[in-house]
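Worksheet: one structure, shown below.
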Amino acid sequence: MQVFLQQTLNGFTLGATYAVFAVGFTLLFGVLNVLNLAQGSLLMVGAFSGLELTLALNWPLLPAFLAAMAISGAIAVISEVAVFGPLEKRGANRWMALVASLALSRLLIAIVQETFGTQVRRFPASAWTGGVWQVGGITVQGLQLVVIVSALLLMAALAWLLARTRTGFAIRTMAFKPSVAQLVGVPVRRLRLLTYFLTGAMAGAAGVQLGILYNAVSPFMGENILLKGLSALILGGLGNVPGAALGGLSLGLAEVYSIAYLQSSLRDAVAFGAIFAVLIFRPQGLFGRSTRQRA
């Protein structure tokens with residue numbers, strides 16, 4: 001039982017980072033119908049930003065975490081202004097936007113690779129000195145609590161923004177139909193930029209969380225996480241923010257349980273096998289509604 005509880009805590013910690021990443025991913029898809037495959041690279045940029053701020057400028061972890069979110073969010077906004085916005089104005093179909101996001105991803109990786117090299121880099125020991133406790137026979141690390149609490153706070157803040165504020169109502173109106181939103185006075189252009197910023201910021205937050213959790217940051221860390229984010233998206237249902245959060249948590253738990261009770265080499269096989277099963281038996285996702293039901 002203690003082993004199960006320990007693995008549940010480990011899985012919940014890993015799943016919390018997936019959930020933060022997937023929520024930003026699905027927000028962009030749900031509001032603007034854009035599947036941005038550069039999200040993984042935005043996560044990587046966030047991780048490097050947090051790392052460099054703690055290493056070069058000796059910033060404490062919390063300000064570095066917030067600044068990393070702002071940097072990834074700003075890059076996401078620039079991508080809208082320079083890439084996705086112009087493509088939409090020219091009437092490009094969504095496949096062109098998808099290819100453009102792939103190109104943007106490779107560009108970001110190349111810039112970081114050229115700047116910092118290809119070697120794995122690590123946060124300084126002074127960045128985090130959390131404790132370790134024994135609770136009911138399981139080991140609880142302070143770092144795990146930081147990751148879980150920060151993930152819950154970020155997702156709660158986003159949920160509050162979308163559900164309880166006028167800005168959130170305007171974003172939901174824009175998601176329903178941009179032309180209708182414009183007719184009723186919603187500042188569509190400003191909200192598009194805000195949505196991109198939020199999605200980039202969530203990716204940057206997940207990057208720092210994963211960087212300190214594994215104490216490893218590399219230019220290629222976003223590529224694998226991109227698949228995990230897409231998986232969480234499918235598990236939760238495309239465009240479903242609460243579903244993406246639950247999908248991320250489920251994926252983290254599935255990975256950790258497969259390592260603990262099967263083999264570590266089956267980690268991805270079990271996780272992605274679950275995705276296949278969902279696609280076959282419930283293509284709208286575990287928490288989504290089918291088009292037929294919505295109609």
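Please compute the volume of the convex hull spanned by the alpha-carbon atoms of region 137-295 and report it per residue in Å³.
Details: hull volume 24.1 nm³, N = 159.
So the per-residue Cα hull volume is 152 Å³.
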**Prompt:** What is the spin-label model distance, in nm, from residue 98 to residue 177 if the labels are put 7 Å beyond Cα along the C-beta direction?
**Reply:** 2.6
**Message:** Along the charge dipole of region 82-206, pointing to its positive end and built from +1/-1 on Cβ of Lys, Arg, Asp and Glu, which listed residue (185, 157, 202) has its Cα farthest out?
**Reply:** 185
**Item:** Cα pair distances of region 66-205 binned at 5 Å [whole percent]
**Value:** 2, 8, 11, 16, 16, 14, 12, 8, 7, 4, 2, 1, 0
**Fill in**
From the Cα centre of region 130-190 to that of region 238-278, the distance in Å is 22
**Charge context of residue 101, other residues only, Cβ under 12 angstrom, K/R +1, D/E -1** = +1
**Item:** Where only C-alpha atoms are counted, convex hull volume of region 51-119 per residue in Å³
**Value:** 96
**Request:** Compute the relative contact order of region 1-97 as a whole-number percentage, counting only Cα pairs closer than 8 Å that sit 6 or more residues apart in sequence.
**Result:** 20
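Using a 1.4 angstrom probe on heavy atoms only, work out the carbon and sulfur share of the accessible area of the chain in %.
Working: 9630 of 14430 Å².
On the chain, the fraction of accessible area on carbon and sulfur atoms equals 67 percent.
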**Asked** What is the log10 of I(q)/I(0) for region 84-154, computed with the Debye formula using one identical point scatterer on each Cα and no solvent, at q = 0.23 Å⁻¹?
**Response** -0.99
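Run the numbers for residue 270 and residue 70: contour at 0.36 nm per residue of separation, minus the present Cα-Cα distance, in nm.
Result: 68.5 nm gained on full extension.
How long are the semi-axes of the ellipsoid equivalent to region 225-292, from square roots of 5 times the Cα gyration tensor eigenvalues, in whole Å, largest first? Write down the numbers at each step before the final one.
Working: eigenvalues 96, 28, 15 Å².
Equivalent-ellipsoid dimensions as semi-axes: 22, 12, 9 Å.
Please compute the alpha carbon radius of gyration of the chain, then divide it by the globular-protein estimate 2.2 N^0.38 Å. Two decimals is fine. Please list the in-between numbers first.
On the way: Rg = 19.0 Å, N = 295, 2.2 N^0.38 = 19.1 Å.
Against the compact-globule rule of thumb, the ratio is 1.00.
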**Request:** Return the ratio Rg/(2.2 N^0.38 Å) for region 127-217, where Rg is computed over Cα atoms only.
**Result:** 1.52
**Request:** Output the Cα-based Rg and Dmax of region 1-155 in Å, rounding Rg to one decimal and Dmax to a whole number.
**Result:** 18.3, 60
**Computed over region 1-48, Cα set: Rg, Dmax in Å** = 14.5, 45
**Complete:** extent check for region 25-64: Cα max minus min per principal axis, descending, whole Å, gives 39, 16, 9
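The values are calculated or read from the model by the stated rules, or taken from the named source; none is laboratory data. Worth saying up front: this structure is predicted, and the values here are computed from it rather than measured. Backbone-built Cβ (ideal geometry, glycine too); neighbour counts: all protein chains shown. When the accessible area is computed, the model is the full protein with side chains, heavy atoms only, and any ligands, DNA or RNA have been set aside. Shrake-Rupley method; radii C 1.70, N 1.55, O 1.52, S 1.80 Å.
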